[in-house]
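The values are calculated or read from the model by the stated rules, or taken from the named source; none is laboratory data. All of these numbers come straight from a predicted model, not from anything done at the bench. Please note: Cβ atoms are built from the backbone with ideal geometry, for glycine as well, and neighbour counts cover all protein chains shown.
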Amino acid sequence: MSTGTDRIEARNELRTAPTEQFGIIFNGPNAPLEYKKLPMPQMQPDEILVKVLFTGVCHSDYHIWKGDWKEPAKRPLIGGHEGVGVVIAIGNKVSFLSGFQVGGHVAFKVYSPSSFVSEAQYLHNYCLGCETCLSDDMSSCPDSRLTGYTADGTFQQYVARKASSLQMLSKDINLPEATCICCPGATVYRVRKLEVCSDNIGT
């Protein structure tokens, strides 16, 4: 459980964090990928600031860069949604009961809904208060955004995310391997889960 000392440490850590970082950004479909200096993300009081240690490249990132999907991507965009990192700051509106601590390892969640219709998605944020969120359909939330698609993602050194969009990791987990679970692992798990549910329905 996070303590008051952790919360003070988080604020102190935030004051000493750099004002700039590096990341990969592009400004439209098939535009050049630029590795450049970028401003630090602006962490909100209900968010956690994560230093990205490892990030994967998904085939979805390629489609987003190419502009292959119907919904337009954010412009300019920092892509990426598979990532793990270390907590360096915790907003003062993040509940102590969340368990997050400065120095703890976290993964960026891939939301795997229980619905047969919805696909596993890399949600950046959602309200958790509307009818769709309360029905376990966060992907239909009017306030939802997708990491690395309609919101900046993990192809940068630092990312600010809501606690509900992060998963705590044990310190003994292999972080490069954990990165692979963030999207492909969750996708395969979801397919298997739906197969089991289908088998049970058919019996």
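Scanning region 126-178 for residues that are on the phi > 0 side of the Ramachandran plot and buried (at least 19 other Cβ atoms within 10 Å of the Cβ) returns a single hit, Gly148. At pLDDT 80 or above, of a type in the set (A, V, I, L, M) and either in contact with a helix residue (DSSP H, G or I) (Cβ under 7 Å, 6 or more places away or on another chain) or assigned to a helix (DSSP H, G or I) (or both), is that true of Ala186? Here the answer is no, as Ala186 does not meet what is asked. With respect to Gly67, determine if the residue is surrounded by 15 or more Cβ atoms within 10 Å (Cβ to Cβ) and out of contact with any Gly (no Cβ under 6 Å at 6 or more places or on another chain). It is false that Gly67 is surrounded by 15 or more Cβ atoms within 10 Å (Cβ to Cβ) and out of contact with any Gly (no Cβ under 6 Å at 6 or more places or on another chain).
For region 87-125, how many residues meet the condition of being at pLDDT 90 or above, part of a loop (DSSP other than H, G, I, E, B) and surrounded by 16 or more Cβ atoms within 10 Å (Cβ to Cβ)? The number of residues fulfilling the criteria is 6.
Pairs please, first residue from region 80-105 and more than 30 Å from Lys66 (Cβ to Cβ), second anywhere and outside any loop (DSSP other than H, G, I, E, B) and basic (Lys, Arg), Cβ atoms under 6 Å, 6+ apart in sequence or on different chains. Close Cβ pairs (under 6 Å, with a partner that is outside any loop (DSSP other than H, G, I, E, B) and basic (Lys, Arg)) amount to Val86/Lys51; Ile88/Lys51. Quick check: anything in region 143-150 modelled with pLDDT of 70 or more and in a helix (DSSP H, G or I)? The answer is no; no qualifying residue exists. Of all residue pairs spaced 6 or more apart or on separate chains, those with beta-carbon atoms under 6 Å, a first member in region 51-64 that is surrounded by 13 or more Cβ atoms within 10 Å (Cβ to Cβ) and a second member that is part of a helix (DSSP H, G or I) are Leu53/Leu175; Phe54/Leu175; Phe54/Pro176; Phe54/Thr179; Gly56/Thr179; Cys58/Cys183.
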